[in-house]
Structures are given as structure tokens and as C-alpha cells.
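Down below is the structure, laid out as C-alpha cells.
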Amino acid sequence: MKIDELTIAAEDLTQGQWFLHEPAPGLRSWPLQVATAEVLDDAVRIVTTDEVRELVSYARDRRVRLAS
């Protein structure tokens, strides 16, 4: 399986990084910036700089596309 070079595991997101939030496969995505990311046992809790979508949570190994 080939993994896109512009994706990383959610647990590797860092403060200040921009990523594309896709709520579910096939739905429209939009860019968010990481304010803080907390790695939990099986998930990553990401507080963003966006006023509307302030908090997102992903499985630690979920592939996240980086915003260019």
C-alpha cells in the first residue's frame, strides 16, 4: 500500500501545523491549525485555532492530510 507523502499519523501532528479535517470519508474537508495536541491511549485530542471547529479527535493511527 502506497501512503501519500502529504499525510501523517494523527499522533504526529504538532502545534502550529495545518491539516485538512475530513469529518467522514467522502465529505468535504477544510483546513484547521493545531493549537495543542494531546495523545491519549487510543486517540489524539486536537484543540484547533478555529472558533467554530475548536476540538477534533482522531484515532492515533488515522492518516491526516497536511494542508499545503
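Miscellaneous remarks
- Subset tally (residues that are in contact with a helix residue (DSSP H, G or I) (Cβ under 6 Å, 6 or more places away or on another chain) and more than 16 Å from Arg65 (Cβ to Cβ)) for the stretch 27-52: 1
- Considering residues of the stretch 10-25 that are over 8 Å from the mean Cα position of the chain (by Cα) and open to solvent by less than 40 Å² (accessible area, probe 1.4 Å) only, the residue nearest to Ala35 (Cα to Cα): Gly16
- Scanning the stretch 30-68 for residues that are loosely packed, with under 14 Cβ neighbours inside 10 Å and small (Gly, Ala, Ser) yields Ser57, Ala59, Ser68.
- Long-range neighbours under 6 Å by Cβ, at least six apart or interchain, first residue within 20 Å of Ile8 (Cα to Cα) and free of Cβ contacts under 8 Å to residues at least 60 places away in the same chain within the stretch 37-55, second surrounded by 14 or more Cβ atoms within 10 Å (Cβ to Cβ) and hydroxyl-bearing (Ser, Thr, Tyr): Val44/Tyr58
The values are calculated or read from the model by the stated rules, or taken from the named source; none is laboratory data. These figures come from a predicted structure and were not determined experimentally. Glycine gets a Cβ as well: all are built from the backbone with ideal geometry, and neighbour counts include every protein chain shown. Only protein heavy atoms, including side chains, enter the accessible area calculation; ligands, DNA and RNA are left aside. Shrake-Rupley method; radii C 1.70, N 1.55, O 1.52, S 1.80 Å.
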